[in-house]
Amino acid sequence: MNLRRLAGLDILADEYSYARDEETGYTSAKRIPEKWVSTTCGYCSVGCGMEIGVREGKAVSVRPLDSHPVNRGKLCPKGLSEHHVIDAPNRARQPLLRKNGKLTPVGWDEALATMVERFRATQARHGRNALGVISTGQLVTEEFYTLGKLVQLGFGTNNYDGNTTLCMASAVSGYKASFGSDGPPGNYQDLERADVILLIGANIADNHPILCPYLEANPHKTLIVADPRVSKTAMMADIHLPLKPRSDLALLNGLAHILVKHNLVDRRYVDAHTTGFDEFARFLESYPPDKVAGITGLSVEVLHQTAYLYGRAQAGFIGWTMGVNHSTKGTETVSAICNLALLTGHIGRAGAAPFSITGQSNAMGTREAGFASSMPGYRKFDHPGDRAELAALWGVDEARLPRKRGLAYPDIVEGAVGGTIRAMWIIATNPLVSFPNQDVLRQALSNLEFLVVQDGYHPTPTTELAHLVLPAAIWGEKEGTFTNSERRVSKVNRAVDPVGEARPDFDIFLALAEKLACRDELFPGWRTPEDAFNEWRRVSRGRLCDYSGISYRLLSQADAVQWPLPEGSQPERDSRLYGDGVFPTADGRARLLCGHWEPFPEQPNREYPLVLNTGRTVEHWHTGTKTRSVPILERLSPAAWLEMNPRDALPLGLRSHDRVDIVSRRGRVCGVELRLTEIIAPGQVFMPFHYFESNVNEVTQSAFDPVSREPNYKQCSVSVEKTRPH
Ligand code: SF4
């Protein structure tokens, strides 16, 4: 007991004292900053600009940047409370090495020397590619760029991928197939300029909240939302299309059928800028409205209404997120979205775009610079010119560049199960919450000879299994750049020192390069993230994602600018790709692609009669590592729940707030609160995926898109039963 408290003195006076702040008025004295440091939100890909308030070396508050072109003075609940993530009690503060079965504090030198020695020993025994590396969409671009070189040229393994494969790999592969390159063509301002907006599998009200003001600022739009669930975004719609689970590809093909049949096609655009129309038109014969109505559960009338609205729009916008990507048909569904834009010429103009809304704060950075599914600057592994150019820029022998991409994330996990992957390095991600079919993952990780987890937090379910934990600095403690969904690059700045002995990922990568004796060769003279950024500018020069005109100086003056920005050019307020109708394919034309709809792989049956859909809630971020340590967010949404239609609950004798188990062929999630609601259609249930203690991924399946390798999180068959008392 505190002696002052025993003596009856008020020991909490400092805690609760109030003072007057110039801007906010009477407020907690502890939260009045001495200075503000501008930065970019570290959660989602909207990319809101903000300032961190700092007092006595601690982050004490956050406020939106009024001048920032993305959020214009607004933040969502996660952004508004983001300063709490820095000094959270579960931060990783020192390197930990497993000794005699126990994670034991060690110095950085011992940690990194052990890591290099163990990885090298494993690679010597089993081959270089026995090392698998899984990174994230949360690092700054400078770190992705550095990590890609370090992994592929330093450690010499190409089995390198990111958790971005779990969220937007299908957008990447769909864009590549249709347009010849990744790269979202439009921008957020298109949401204000379009007269018809179709959001498909995109619940932006929960997942990208600061995009909603763009919709509100557009009084002339017709908003169509295609989602099996009456999500918060569907509630904002003029027309809600409550399609059956995973019938999206049939819907898109059916809309294309109507566009072609009813002369709603922009033939001038199609003839000038696309290939494959005749074959595509023949393919669409298989998608007449009555058949599509049967597959989707939508009426023929509403299919015609939607096609006519989009086909006759002056500027039609289609946005999508995980409802499309989380599918074994994700790549083809993305191409089907691109087909609609190409047929109607709704691309490259104000308000007109097929637009992938990305997930993580810097998923775009890893797509452009990351060296996982392609080489930096969207260069292709198998393109001789791309290989020669990159090797020359780096001054390395071309033979050192991998000839093809290595294993994707799910295949690295499968490799660990099968014994081809023997060591793993996991960076800033928490697969023991986020990966589908957790049993397989547990088996994979338990097989490893050496597992390194580099993270800002410990313990997490994943760090607890590691042989070595490297404590990393997080948002607010390090410097670099993020690129948001609309290709807008903005600065991330260090407001406070990293906690404990944590170090920025950039510094960890350079220290590892030192241990590998490749620092001078791969990172000559590099000291700061700006050194990496300046090399990235040179490497991206002349590419679609040209950063050569973007500098740290420009970003400090302009808040945020979009790529492409070739050196010497002036930033545009809102730039778009493909305005000239020229695409980065061999013939300069985009491709109309035929992708047939198929039912999702695990259909419901008598034993597992319900289709489980998974997703997010506005209060939490992914695996909850960060947001569940933020008191206000955790209080708002402290536990998982299952949404079920009352008509399904009745024969099971279930009532709202009952505790239920969700059971699939792979596992069981126990004791989840049941919510009976008409938000979800009969035959379907929905559960959020943020909660490790009620982890929905115990029941999801190992089914992946054959091209992108993205998991089919959105549909698996389950049963629901009342939780039995133990
Ligand atoms: S919308 Fe996304 S980027 Fe903006 S404050 Fe919220 S979480 Fe951050």
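Just a few scattered comments:
- Unit charges on C-beta of K, R, D, E only; dipole of the chain, Debye: 760
- Amide proton proximity set for S61, modelled H, under 5 Å, gap of 5+: G53
- Taking 7 Å steps out from each Cα toward its Cβ at A121 and S299 produces label points 7.0 nm apart.
- log10 of Debye I(q)/I(0), alpha-carbon scatterers only, for segment 78-119 at 0.20, 0.21, 0.24 Å⁻¹: -0.70, -0.73, -0.82
- Percentage, to the nearest whole number, of Cα pairs in segment 404-525 over 23 Å apart: 46
- Distribution of pairwise C-alpha distances over segment 284-443, 10 Å bins, in %: 8, 23, 29, 23, 14, 3, 0
- Over all orientations, segment 529-662 has a Cα convex hull whose mean projected area works out to 15.9 square nanometres.
- Karplus-derived 3J(HN,Hα), 6.51/-1.76/1.60, for each residue of segment 706-719, Hz, glycine and proline x: x, 9, 7, 6, 6, x, 8, 5, 7, 9, 8, 8, 9, 10
- Quarter of the Cα convex hull surface for segment 449-491, i.e. its orientation-mean projected area (nm²): 4.4
- Close amide H pairs (under 5 Å, H built 1.01 Å from N) link G615 with M687, F689, residues at least 5 positions away or on another chain.
- Computed on segment 113-184, the Cα convex hull volume stands at 117 Å³ per residue.
- Entry note: segment 544-603 has Rg to Rh equal to 1.24, where both radii use alpha-carbon atoms and Rh is the Kirkwood radius.
- Listed residues M687, A639, V669: farthest to the positive end of the dipole of segment 639-689 (Cβ charges): V669
- Virtual spin-label span in nm between S702 and D580, 7 Å along Cα→Cβ: 4.8
- Backbone N within segment 458-492 under 20 Å of label point (7 Å from R553 Cα along the Cβ vector): 480-481, 489-492
- When only alpha carbons are used to place a centre, segment 538-559 and segment 340-412 end up 17 Å from one another.
- Computed over all pairs of different Cα atoms, the Kirkwood value for the hydrodynamic radius of segment 459-590 is 17.4 Å.
- FRET E, pair N263, D290, Förster distance 25 Å, beta-carbon r, rounded to 0.05: 0.80
- Structural size metrics of segment 411-457, computed from C-alpha coordinates, are Rg and Dmax of 10.2, 30 Å.
- With 5 Å bins beginning at zero, the pair-distance distribution over Cα atoms of segment 571-726 amounts to 2, 8, 14, 17, 15, 12, 9, 7, 7, 6, 3, 1, 0, 0 %.
- For the chain, the normalised intensity computed at q = 0.07, 0.08 Å⁻¹ comes to -0.47, -0.62 (log10 of I(q)/I(0), Debye sum over alpha carbons, equal scatterers, no solvent).
- Overall shape: oblate for segment 582-653, with the ratio a/c of the largest to smallest alpha carbon gyration tensor axis at 1.5 or above and b/c at least equal to a/b.
- In nm, spacing of pseudo-spin labels at R72 and N90 (7 Å Cα→C-beta vector): 3.7
- Rounded to the nearest Hz, the phi-derived 3J(HN,Hα) couplings of segment 341-346 under the Karplus curve 6.51 cos²θ - 1.76 cosθ + 1.60 (θ = phi - 60°) are 5, 5, 4, 9, x, 8, where x marks glycine and proline.
- Sequence-distant lysines (8 or more away, or on other chains) whose Cα lies within less than 19 Å of K176: K329, K380, K404
- The translational diffusion coefficient of segment 3-147, from Stokes-Einstein at 37 °C and 0.692 mPa s with a Kirkwood hydrodynamic radius over alpha carbon pairs, comes to 166 µm²/s.
- Relative packing of 236-249, 508-521, which averages over residues the other C-beta atoms within 10 Å, highest first: 236-249, 508-521
- Volume in Å³ per residue [convex hull over Cα atoms, computed for segment 275-374]: 145
- Hydrodynamic radius of segment 637-703 per Kirkwood, over alpha carbon pairs, in Å: 12.2
- Reciprocal mean inverse distance between Cα atoms of segment 168-305 - Kirkwood radius, Å: 16.5
- Measuring nothing but how far apart in sequence close Cα pairs (under 8 Å, 6+ apart) lie, relative to its length, the chain scores a relative contact order of 19 percent.
- Cβ-derived FRET efficiency at R0 60 Å, K102 paired with E678, nearest 0.05: 0.70
- Ellipsoid equivalent to segment 473-536 - semi-axes via the Cα gyration tensor, in Å: 22, 18, 9
- Backbone phi angles across segment 68-79, fed through the Karplus curve with coefficients 6.51, -1.76 and 1.60 (θ = phi - 60°), yield HN-Hα couplings of 5, x, 7, 9, 6, x, 10, 9, 8, x, 5, x Hz in residue order; Gly and Pro are listed as x.
- Here is how the number arises for the chain: DSSP H runs of 4 or more residues each give -39500 (n - 2.57), the sum is divided by the residue count, and the result at 222 nm is -8500 deg cm²/dmol.
- Whole-number D in µm² s⁻¹ for segment 88-218, Kirkwood Cα-pair radius fed into Stokes-Einstein, 25 °C, 0.890 mPa s: 128
- Counting 0.36 nm for each residue step from K58 to R606 and taking away their Cα separation leaves a gain of 191.7 nm.
- Residues with amide H under 5 Å from that of Y713, placed H, sequence gap 5 or more: S327
- Mean-position separation - Cα centroids, segment 455-523 and segment 283-332, in angstrom: 42
- Share, in percent, of DSSP beta bridges within the chain that are antiparallel, nearest 5: 50
- Stokes-Einstein diffusion of segment 356-449 at 20 °C, 1.002 mPa s viscosity, Kirkwood radius from Cα pairs, rounded to a whole number: 140 µm²/s.
- Length released on extending from K404 to K380, taking residue separation times 0.36 nm less the Cα-Cα span: 7.8 nm
- Computed FRET value (nearest 0.05) for E721 with R635, which takes r as the C-beta separation and R₀ as 30 Å: 0.50
Here, each number is a calculation from the coordinates, and none is a lab measurement. Just so you know, these numbers come straight off a predicted model, no measurement behind them. Quick reminder, even Gly has a Cβ in these numbers, built from the backbone with ideal geometry, and neighbours come from all protein chains shown.
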